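Comments concern the structure below.
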Amino acid sequence: MDSQWDSMKPFVPMVGKEAHLPVAAVLMLTGFLLTGLFSINKSVTTAPLLAIPASLALGFGSVYLICAVGVYV
Amino acid sequence: MYSLQNWGILLLPLASLFSLAPCSSADSTPVPSNGFTPPQVFKNSNLLRTIDITKPYVRETIAMVIDNISKEPQAEYYVPIPKGIVENISYLEARGEDGPHIVNTPAFIPESEMQYYRVLLNTPLSAGKSAKLWITLAQTDCLIPVPALIGQTDKQFLQWTGSQYAASAYVTEKQKTKIRFPNSEVPNFTVLEKNGENDDPTGAGAWYTYGPYKTVNPDQEGGKAITLRFEYTNPVIKMTRMERHIEVSHWGGNIAFEERYWMTNLGAKLKDTFSRVQWASTSYYNPPTSAIKHLTFPLIPGAQDAYFTDEIGNVSTSRFRSNIREAHLELKPRYPVFGGWNYSFVVGWNYDLKHFLRVSQDGERYVLKVPFLEGPKDSITYDEVEITVVLPEGATDVKCSPPIPLISEEEYLHHTFMDTRGRIAIKMKAANVVDEQHKKELIVTYHYPTMALYRKPFVIFTGVLTLFTLSWLVSKIDLKIGK
């Protein structure tokens, strides 16, 4: 077991703990910004340009936001 | 003496799992049927029994030389424990010169007075040869406060009753018992008839020696009972229940520990009512006391965000000091816990996950190594211990190897924040654990594909996108009146 342990790499998360809040803030703000832009001009052409990036930003942003406040999901 | 809880603990031998996988090639047929006596194939010589009562539970180490007096090689050595004591045994380990031996716990037979632990020697002992054997065991709940009621500032005395000879299933040629106390104040001890010219026992400071005795047969059943009463003005801390919750988060890079304790003090009860005035006035001098005043948790360095709450709310009488060298958490219960009193509380803290979790080269296999039990550095015994390890959502192929025998182990789905399917959690239960078993490591391995990691933001992504599509569709509905 110990030899296996030594040969493995320590786990490093994608975003470190100190960076959770800034990353969450940036992602959520772009998410809301894009949501706002989409709500002004809704059409099939703008959807992939605005709606999908907005959903992605909000998705990742909410995960990092909940980690930033201390609930590590 | 036989409470409902004790009968539950008796299930431990029946369901014990020795999960230290490499050693489990043992023959696990339960030890004896009714009326069993081990065959007299061994003889003990030079037995030294050291009973350590410096902590409020008893640790016994028996060092002896065993001779094989039969004509064939023997590999099974039996250790007898009386029926009334076996449920209080926390652990029994055996070791030889070549390393630890496997010990099988007895299947509890209520009709039999003696229960036998079976030690399987690593290499069978040839006929006529001798080997050294060390047996260590810990026994809880055997020290009684005498007097049972004391004043708030009085000294506390605990009483221990044992047997003159070491319990052995075989003839013992020469033996001696040494008892060690935390201090040299032992006002009462059983005086036996003189052993040759010397007194029995002989005492020197904190050590009392009974013996040496010559040939002892197993049917003497331990000889006379000896009772010693010693001063111990410190709390006798017992956790009737302890729940430890370990949660691993890959997104946050964090491992969260939360422990719930139900604590009581098994020391002498108070004669009069508790006087807060007397307590406050004497506390400045910090005298030794039988009440639990504070608990110190020496955590692994790197601990962050520690909290201490109970049913009422946050308990502010705590201190947490964390730097690269140490993480020192000191808790004071809301009131000093005297004999017979209870207190329950919750403690928790976080760590960076990189100290405990390692990932394989292909990025999908993970190994988690955490201390199985981490608790106060004061001497503590636990009646029931429940350890829960919660792994991220989507973890599969979960295997764990606990360092001590368990009563039960179950895997279930734990639902918490942002979960869709639920997280895999393993709940392990053990009983009658002593604080010497702190810091042993629990190893959990699991398989966690990267796709499972992206499940969480993907769920939110789908949800928000559905909302956008719906809002676009709704905007297409024409609600104009007339043309």
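The values are calculated or read from the model by the stated rules, or taken from the named source; none is laboratory data. Remember, it's a predicted structure, so these values are computed and weren't measured experimentally. Reconstructed Cβ throughout: ideal geometry from the backbone, glycine too, with neighbour counts over all protein chains shown. These area figures cover heavy atoms from the full protein model, side chains too; ligands, DNA and RNA do not enter into them. Shrake-Rupley method; radii C 1.70, N 1.55, O 1.52, S 1.80 Å.
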Per-region count, the stretch B:179-200, residues of a type in the set (Lys, Arg) and either outside any strand (DSSP E or B) or over 38 Å from the mean Cα position of the chain (by Cα) (or both): 1
Candidate set: the stretch A:11-60, residues that are polar (S, T, N, Q), open to solvent by less than 40 Å² (accessible area, probe 1.4 Å) and assigned to a helix (DSSP H, G or I); chosen: the one farthest from the other protein chains (Cβ to nearest Cβ): A:46
Residue under evaluation residue B:48, criteria (1) open to solvent by less than 50 Å² (accessible area, probe 1.4 Å); (2) at pLDDT 90 or above, criterion not met: (1)
Count - residues of the stretch B:432-483 that are surrounded by 12 or more Cβ atoms within 10 Å (Cβ to Cβ) and touching a Lys or Arg at 6+ places or on another chain (Cβ under 9 Å): 16
Residue list for the stretch B:416-437, restricted to those being more than 26 Å from residue B:383 (Cα to Cα) and of a type in the set (Lys, Arg): B:421, B:423
Only one of B:349, B:262 that is within 22 Å of the chain's Cα centre (by Cα) and open to solvent by 80 Å² or more (accessible area, probe 1.4 Å): B:262
Selection within the stretch B:181-204 - without any contact (Cβ under 8 Å) to a residue 40 or more places away in the chain and open to solvent by 50 Å² or more (accessible area, probe 1.4 Å): B:184, B:191, B:193, B:194, B:196, B:197, B:198, B:199, B:202, B:203, B:204
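Out of B:380, B:387, B:424, I need the residue that is surrounded by 21 or more Cβ atoms within 10 Å (Cβ to Cβ), in contact (Cβ under 8 Å) with a residue 12 or more places away in the chain and in contact with a helix residue (DSSP H, G or I) (Cβ under 6 Å, 6 or more places away or on another chain). Which one? Steps first, answer last, please.
Numbers: B:387 fails: in contact with a helix residue (DSSP H, G or I) (Cβ under 6 Å, 6 or more places away or on another chain); B:424 fails: in contact with a helix residue (DSSP H, G or I) (Cβ under 6 Å, 6 or more places away or on another chain).
On inspection, the qualifying residue turns out to be B:380.
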Which numbered condition residue B:296 misses (of (1) under 18 Å from residue B:331 (Cα atoms); (2) more than 14 Å from every other protein chain (Cβ to nearest Cβ); (3) among the hydroxyl-bearing types (Ser, Thr, Tyr); (4) open to solvent by 60 Å² or more (accessible area, probe 1.4 Å)): (4)
Lone qualifier among B:87, B:60 - being in contact with a Leu (Cβ under 9 Å, 6 or more places away or on another chain), touching a residue at least 40 places away in the same chain (Cβ under 8 Å), more than 26 Å from residue B:174 (Cα to Cα) and buried (at least 20 other Cβ atoms within 10 Å of the Cβ): B:87
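Looking at B:323, B:314, B:342, can you tell me which residue is of a type outside the set (D, E, K, R), out of contact with any Cys (no Cβ under 6 Å at 6 or more places or on another chain) and open to solvent by less than 70 Å² (accessible area, probe 1.4 Å)? Show your work before the answer.
Numbers: B:314 fails: open to solvent by less than 70 Å² (accessible area, probe 1.4 Å); B:342 fails: open to solvent by less than 70 Å² (accessible area, probe 1.4 Å).
Just a single option satisfies the conditions, and that option is B:323.
Yes/no matrix, rows are residues, columns are (1) within 14 Å of chain A (Cβ to nearest Cβ); (2) open to solvent by 60 Å² or more (accessible area, probe 1.4 Å); (3) in a strand (DSSP E or B):
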| position | (1), (2), (3) |
| --- | --- |
| B:245 | yes, no, yes |
| B:252 | yes, no, no |
| B:281 | no, yes, no |
| B:289 | no, no, no |
| B:328 | no, no, yes |
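To keep it simple, each residue is scored yes or no on (1) more than 12 Å from every other protein chain (Cβ to nearest Cβ); (2) in contact with a Ser or Thr (Cβ under 6 Å, 6 or more places away or on another chain); (3) part of a helix (DSSP H, G or I).
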site: B:410; (1), (2), (3): yes, no, no
site: B:425; (1), (2), (3): yes, yes, no
site: B:428; (1), (2), (3): yes, no, no
site: B:431; (1), (2), (3): yes, no, no
site: B:451; (1), (2), (3): yes, no, yes
site: B:459; (1), (2), (3): no, yes, yes
site: B:463; (1), (2), (3): no, no, yes
site: B:469; (1), (2), (3): no, no, yes
Residue check, residue B:156 within 30 Å of residue B:290 (Cβ to Cβ), crowded, with 18+ Cβ neighbours inside 10 Å and out of contact with any Lys or Arg (no Cβ under 8 Å at 6 or more places or on another chain): yes
Subset tally (residues that are in contact with a Phe, Trp or Tyr (Cβ under 9 Å, 6 or more places away or on another chain) and either more than 9 Å from chain B (Cβ to nearest Cβ) or part of a helix (DSSP H, G or I) (or both)) for the stretch A:62-73: 4
Subset of the stretch B:79-112 that is of a type in the set (Val, Ile, Thr) and in a strand (DSSP E or B) - its residue that is nearest to residue B:432 (Cα to Cα): B:89
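When residues of the stretch B:267-279 are filtered for being outside any strand (DSSP E or B) and surrounded by fewer than 20 Cβ atoms within 10 Å (Cβ to Cβ), how many remain? Walk me through how you get there before you give the answer.
Start the filter on the stretch B:267-279 by keeping residues that are outside any strand (DSSP E or B), which leaves B:267-268, B:271-279.
Checking which are surrounded by fewer than 20 Cβ atoms within 10 Å (Cβ to Cβ) leaves us with B:271-279.
Number of matching residues: 9.
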Members of the stretch B:73-104 found to be farther than 24 Å from residue B:161 by Cβ and among the β-branched types (Val, Ile, Thr), listed by number: B:102, B:103
